[in-house]
Amino acid sequence: MKALSGLLISAVLVVAGCKGKQAEETQIIPGVGITVATAPGMVAAANRHAVETGLEILREGGSAVDAAIAVQTVLGLVEPQSSGIAGGAFMIVYDNKTGDVWFYNGREKAPAGVSSDMFLDPETGEPIRYFSGITSGRSTGVPGVMSMLEKAHGDYGKLAWEKNFEPGIALAEHGFEISPRLAGLIKRAAGYGFGSDINAGAYFFDDNGEPHQVGFLRDNQPYAETLRALQDNPRALLEPPIANDIIAATQEEPLPGYLTLDDMAAYEAQKEPALCGDYRELTLCGAMPPASGSLAVLSILGTLENFDMAGLGNSAEGWHTFIEASFLSYADRDKYVADDDFVTVPIKEMLDKDYLKSRATLISMDSAMQDVRAGNPVDFVRGKDATPDSPGTSHFTIVDKDGLTVAMTTTVESVFGSQRMVRGFMLNNQLTDFSFRSHDDNGEPIANAVAPHKRPRSSMAPMIAFDADGEFLFTSGSPGGNSIIAYTAKSIVGIVDWGLTPQEAIVLPNVIARNGSVRLEENRLDAAIIEALEAKGHKVVRSQGEISGLHIIYRNPDGSYTGGADPRREGVALSE
């Protein structure tokens with residue numbers, strides 16, 4: 001076995017790689033068996049068209065990164081409510097040949113012209129209505145996902161860049177049938193003014209202004225032309241003439257935005273070592289700030305490591321412990337995490353095992369916490385967060401036949417982003433992921449406040465897990481706004497502690513505990529467990545469905561893969 005490389009500091013490992021054996025070598029997974037073979041590739045994503053497109057690229061000899069480009073371009077067509085080429089993304093790539101685990105950062109940036117009060121009412125000084133911010137021109141940041149994918153393709157692409165766009169172009173030209181989820185969200189969003197943008201209205205609604213129905217064959221010729229432009233120039237969205245159209249759309253009322261060509265030209269995606277930490281015998285790697293998701297997931301798990309979660313099991317006590325750990329980690333995340341180019345994020349201290357053990361001592365098995373506060377891993381003065389939440393986004397994962405692995409979470413933020421459409425694609429509303437206030441009521445500065453060129457904090461949490469020998473074991477991640485953290489942590493506890501298959505872990509009820517209240521899926525959780533949680537003093541909000549979109553690929557002892565796709569959406573997991 002190759003040793004882990006990088007700097008191991010207590011619970012956190014920020015690495016250029018988790019060094020493991022080559023894919024063809026035999027490995028031992030404790031208590032499970034021996035791996036003797038490498039499997040064909042697999043893709044798990046939120047729409048069958050996207051999955052089949054990814055598999056097509058893999059069959060043609062493309063890498064997992066090539067397939068990711070194709071999957072993203074198709075998701076932007078068939079699932080425009082969740083992600084798109086004018087959005088942003090975080091991608092974790094595991095290079096099994098070198099053992100490196102990389103974080104590719106395609107998060108959008110705020111324009112140079114923004115101000116800290118741009119989401120405040122000038123007359124009252126209070127935050128404007130959240131929905132008003134979403135649909136404003138001020139909500140759109142510089143698109144980052146295609147720049148990120150170009151950077152990853154330069155490292156790991158096997159096919160020519162332009163080849164990966166061909167399936168998306170063909171589907172846009174020939175058309176696809178609108179799915180039940182897309183049709184439902186068009187209809188629902190119509191009640192909130194969706195379609196007032198002339199381009200979106202003409203695309204998603206018929207001549208009578210009625211939303212297109214399930215099964216309607218929807219082509220998108222402008223999108224096909226945009227993909228052709230990206231074939232020729234990976235920065236086509238950041239340069240004229242497309243950039244001019246994006247900027248013009250953001251400068252329309254209400255609340256015109258601040259994007260300029262200089263902002264677009266200055267954008268560059270980033271690549272750095274992934275954020276890794278250990279849980280039980282595993283190592284889990286995810287996204288660095290401005291992502292808060294992977295850090296918060298590791299914080300929850302690091303707190304739970306002080307409890308016998310396997311012994312507690314899928315019970316009232318097990319869920320109570322998960323809830324309490326979530327309370328603590330969400331509080332820390334809210335206070336301390338933002339774009340680390342602008343504020344110091346105390347990653348090492350937040351994930352220190354002794355610190356998390358001290359946080360775990362605040363958990364009583366008899367009763368719920370009544371006053372949940374952020375801890376003090378460092379002596380920082382930080383204000384109380386005022387960031388709103390929107391449950392959009394999409395997550396997919398890919399492993400190719402050579403073992404290169406991708407976990408990618410991608411978003412335009414809210415449902416249909418800013419609701420403004422340009423050249424066949426939706427614009428993001430990512431800047432509403434900033435806190436609408438820059439200081440709290442006590443005058444303390446808020447970490448996630450708006451600033452020029454700053455990236456808004458994200459809850460996205462693409463994760464890759466490695467076993468005790470440093471070998472790839474599984475991926476996980478989900479859409480869902482700040483609930484992503486709870487969704488992803490739940491799936492990991494389900495697999496690692498409760499011995500569930502990927503699909504079983506995905507189907508587990510979603511339980512989100514933040515700011516003192518617990519929102520849970522009443523229809524998926526035993527009534528006796530809910531009553532027991534309430535008896536412990538938990539303020540339970542009973543939900544009929546949390547729209548997570550977990551996708552998992554798990555490596556079996558024989559080297560084959562098992563995939564899982566969230567039944568709450570329309571995803572599938574398929575192999576070559």
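No value in this document is a laboratory result; all are computed from the given coordinates. Nothing here was measured: the structure is a model prediction, and the numbers come from that model. Counting neighbours? That spans all protein chains shown, and the Cβs are built from the backbone with ideal geometry, glycine included.
Would you compute the Debye intensity of the stretch 174-243 from its alpha-carbon atoms alone, equal scatterers and no solvent, and pass along log10 I(q)/I(0) at q = 0.13, 0.24, 0.25 Å⁻¹ to two decimals?
These q points yield log10 I(q)/I(0) values of -0.48, -1.01, -1.04.
Out of residues 5 or more away from Asp339 or on other chains, whose amide H comes under 5 Å of its own, with H placed 1.01 Å from N in the peptide plane?
Arg457
So if we plug the beta-carbon distance of Gln370 and Ser315 into 1/(1 + (r/R0)^6) with R0 = 25 Å, what FRET efficiency do we get, rounded to 0.05?
Details: r = 22 Å, r/R0 = 0.90.
The calculated FRET efficiency here is 0.65.
If you average 1/r over all unlike Cα pairs in the stretch 104-241 and invert the result, what Kirkwood radius do you get in angstrom? Could you put the intermediate results ahead of the total?
Working: mean 1/r = 0.0556 Å⁻¹.
After inverting the mean inverse Cα-Cα distance, the result is 18.0 Å.
To make sure I understand, if each residue's beta carbon is the centre and we count other beta carbons within 10 Å, what order do Lys348, Lys490, Lys454 fall in, fewest to most?
On the way: Lys348 16, Lys490 27, Lys454 22.
In increasing order of surrounding Cβ atoms, one gets Lys348, Lys454, Lys490.
How much length, in nm to one decimal, is gained on full extension between Asp308 and Asp207, taken as 0.36 nm per residue of separation minus their Cα-Cα distance?
Working: separation 101, 0.36 × 101 = 36.36 nm, distance 5.97 nm.
The span from Asp308 to Asp207 would gain 30.4 nm if fully extended.
Tally the DSSP beta bridges in the chain and give the antiparallel ones as a percent, rounded to 5.
In the chain, DSSP labels about 90 percent of beta bridges as antiparallel.
Just to be sure I understand the curve: with the Debye formula and one point per C-alpha of the stretch 87-152, what is log10 I(q)/I(0) at q = 0.17, 0.18, 0.20 Å⁻¹?
At q = 0.17, 0.18, 0.20 Å⁻¹ the computed log10 ratios are -0.72, -0.76, -0.84.
Sort 354-361, 210-217, 158-165, 269-276 by packing, meaning the average of other beta carbons within 10 Å per residue, with the highest value first.
On the way: 354-361: 17.4, 210-217: 13.6, 158-165: 19.1, 269-276: 20.6.
Packing proxy ranking, top to bottom: 269-276, 158-165, 354-361, 210-217.
Across the stretch 166-179, in residue order, what do the Karplus-derived ³J(HN,Hα) couplings come to in whole Hz, using 6.51 cos²θ - 1.76 cosθ + 1.60 with θ = phi - 60° and x for Gly and Pro?
Working through the residues one at a time gives 4, x, x, 5, 4, 5, 5, 6, 8, x, 9, 7, 4, 7 Hz.
At 222 nm, what helix-only mean residue ellipticity would the chain give, in deg cm²/dmol to the nearest 500, using -39500 (n - 2.57) for each DSSP H run of four or more? Spell out each step's value before the answer.
On the way: 18 runs with 174 residues, N = 576.
Rounded to the nearest 500, the figure is -9000 deg cm²/dmol.
What's the extension gain from Ala160 to Ser517 if we count 0.36 nm per residue and subtract their Cα-Cα distance? Let's see the in-between values first.
Details: separation 357, 0.36 × 357 = 128.52 nm, distance 4.97 nm.
Additional length available on full extension: 123.6 nm.
Report the convex hull volume per residue for the stretch 118-161, counting only C-alpha atoms, in Å³. Show your work: numbers first, answer last.
Working: hull volume 4.3 nm³, N = 44.
Taking the convex hull of the Cα positions in the stretch 118-161, it is 98 Å³ per residue.
Sorted by packing (mean other beta-carbon atoms within 10 Å per residue), highest first, where do 556-569, 133-146, 190-203 land?
On the way: 556-569: 19.1, 133-146: 26.9, 190-203: 16.1.
Order by mean packing, descending: 133-146, 556-569, 190-203.
Given H placed on each backbone N at 1.01 Å, which residues far from Gln251 in sequence or on other chains put an amide H within less than 5 Å of it?
Residues meeting the amide H criterion: Gly257.
Full extension from Gln221 to Ala266: what is 0.36 nm times the residue separation minus their Cα-Cα distance, to one decimal in nm?
Numbers: separation 45, 0.36 × 45 = 16.20 nm, distance 2.92 nm.
Gain in length upon complete extension: 13.3 nm.
Apply the Karplus curve 6.51 cos²θ - 1.76 cosθ + 1.60, θ = phi - 60°, to the phi angles in the stretch 498-508 and return the couplings in whole Hz, x for Gly and Pro.
9, x, 8, 6, x, 5, 5, 5, 5, 6, 3
May I ask you to order 46-54, 333-341, 367-375, 481-489 by the average number of other C-beta atoms within 10 Å around their residues, highest value first?
On the way: 46-54: 25.4, 333-341: 22.9, 367-375: 15.2, 481-489: 27.3.
Output ranking for 46-54, 333-341, 367-375, 481-489: 481-489, 46-54, 333-341, 367-375.
Could you check the simple spin-label distance between Arg59 and Asp340, using points 7 Å along Cα→Cβ, in nm with one decimal?
Once both label points are built, they end up 4.1 nm from each other.
Pairs to check: Lys109/Lys187; Lys109/Lys271; Lys271/Lys454; Lys353/Lys454. Give those whose C-alpha atoms are more than 19 Å from each other in this structure.
Working: Lys109/Lys187 31 Å; Lys109/Lys271 15 Å; Lys271/Lys454 17 Å; Lys353/Lys454 30 Å.
The pairs that break the limit, which is 19 Å between Cα atoms, are Lys109/Lys187; Lys353/Lys454.
For the stretch 42-134, restrict the atom set to alpha-carbon positions and state the Rg and Dmax in Å.
So, for the stretch 42-134, Rg and Dmax equal 18.8, 59 Å respectively.
Hey, fewest Cβ within 10 Å first, where do Met460, Met309 land in order? Each step should come with its number before you reach the end.
On the way: Met460 31, Met309 21.
With the fewest neighbours first, Met460, Met309 line up as Met309, Met460.
Give me the percent of Cα-Cα pairs in the stretch 353-469 that sit more than 25 Å apart, rounded to a whole number.
51 percent
Restricted to Cα positions, what overall size does the stretch 473-530 have along the principal axes? Three whole-Å values, descending.
Principal-axis extents of the Cα atoms in the stretch 473-530, largest first: 33, 27, 17 Å.
Please turn the phi angles of the stretch 222-233 into ³J(HN,Hα) values with the Karplus equation 6.51 cos²θ - 1.76 cosθ + 1.60 (θ = phi - 60°), one per residue in order, whole Hz, x for glycine and proline.
Ordered by residue, 3J(HN,Hα) equals x, 5, 4, 5, 5, 5, 5, 5, 5, 4, 7, 8 Hz.
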